[in-house]
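Take a look at the structure set out below.
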Amino acid sequence: MLDILYQDQEIVAINKPHGLLVHRSPIARDASEFALQLLRDQLQQRVYPAHRLDRKTGGILLFSLTKEMDKSLQQLFQDRKMNKSYLAVVRGYTEDDGQINYPLKKDNGEEQEALTHYKTLSRSEIDLPTGNFTTSRYSLVEANPETGRMHQLRKHFAHIFHPILGDRPHGCNKQNKLWKERFEMDTMMLHASQLSFEHPTTGNIVHIKAPLQPEFERVLSILKLESPNL
């Protein structure tokens with residue numbers, strides 16, 4: 001049963017678990033369950049995904065319940081009128097706050113502007129030797145992507161040399177392997193935590209929050225980092 005965070009007659013939002021695909025894909029033939037089909041069966045009606053989340057990303061996934069609302073929500077995303085917040089555990093100590101203004105290339109080589117704002121919520125250093133270092137450092141950050149490019153947060157944090165823990169292929173493979181061996185962690189530490197927008201029909205502001213998934217909470221516990229209040 002999917003965890004429904006918000007629902008009205010036209011819109012529904014779920015807290016997508018890490019590892020769940022949004023819909024069927026020819027590049028992920030190993031998957032047997034998909035958010036779209038699970039939600040459709042749970043609600044007993046057709047649903048339309050308003051956006052995408054990576055398979056390994058958890059958190060808020062928004063759906064429309066009508067074709068008309070589907071067009072409206074997708075237009076809000078396109079017009080950058082969706083205020084999105086993510087939580088991520090990244091390698092190293094990030095700056096207190098900053099922005100990453102770094103264009104990203106599409107598959108055809110065309111460059112697209114991409115802008116991410118972030119702030120550091122907390123930092124941790126644990127007894128986990130890696131390379132020439134006897135410890136490992138991590139930061140819990142809140143990220144607000146102004147644009148919505150594919151793998152934007154993953155690529156942006158890798159670009160500033162603070163890759164997201166558990167990310168493949170943009171992250172640090174040595175760290176990912178170390179966490180899998182030491183802590184049996186094989187999940188990317190990226191969570192879509194908050195989403196705000198003006199409802200296309202009512203004009204009311206909809207603000208949705210998604211509690212962290214258990215694996216994200218476990219990693220924060222290992223790092224002795226306090227869980228944000230969601």
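The values are calculated or read from the model by the stated rules, or taken from the named source; none is laboratory data. Since the model is a prediction, treat every value here as computed from it, not as a measurement. Using ideal geometry, Cβ is built from the backbone for each residue, glycine included, and neighbour counts are taken over all protein chains shown. Ligands, DNA and RNA are stripped out before the accessible areas are found, and what is left, the full protein with its side chains, is counted by its heavy atoms. Shrake-Rupley method; radii C 1.70, N 1.55, O 1.52, S 1.80 Å.
Please state which of the following conditions F63 fails to meet, knowing it meets all the rest: (1) outside any loop (DSSP other than H, G, I, E, B); (2) open to solvent by 30 Å² or more (accessible area, probe 1.4 Å).
(2)
Specify which of the listed residues (K56, K105, K71, K81) is more than 15 Å from V12 (Cα to Cα) and free of Cβ contacts under 8 Å to residues at least 12 places away in the same chain.
It is K105.
Of a type in the set (S, T, Y) and within 19 Å of S196 (Cα to Cα), is that true of S136?
Considered against the rule, which asks whether it is of a type in the set (S, T, Y) and within 19 Å of S196 (Cα to Cα), S136 comes out as no.
Restricting to the stretch 204-221, what's the tally of residues that are more than 16 Å from L190 (Cα to Cα) and either of a type in the set (A, V, I, L, M, F, W, C) or open to solvent by less than 20 Å² (accessible area, probe 1.4 Å) (or both)?
3
Scan the stretch 98-119 residue by residue and report those that are modelled with pLDDT of 95 or more and farther than 27 Å from L62 by Cβ.
G98
For the stretch 78-101, which residues satisfy the criterion of being under 30 Å from Y48 (Cβ atoms), open to solvent by 20 Å² or more (accessible area, probe 1.4 Å), in contact with a Leu (Cβ under 9 Å, 6 or more places away or on another chain) and not polar (S, T, N, Q)?
K84, Y86, listed by residue number.
When you look at E142, is it of a type in the set (D, E), closer than 17 Å to K119 by Cβ and either in contact (Cβ under 8 Å) with a residue 24 or more places away in the chain or in a helix (DSSP H, G or I) (or both), yes or no?
So E142 fits the description; yes.
Taking into account only those residues within the stretch 94-120 that are in a loop (DSSP other than H, G, I, E, B) and among the polar types (S, T, N, Q), which is farthest from H151 (Cα to Cα)?
That would be T94.
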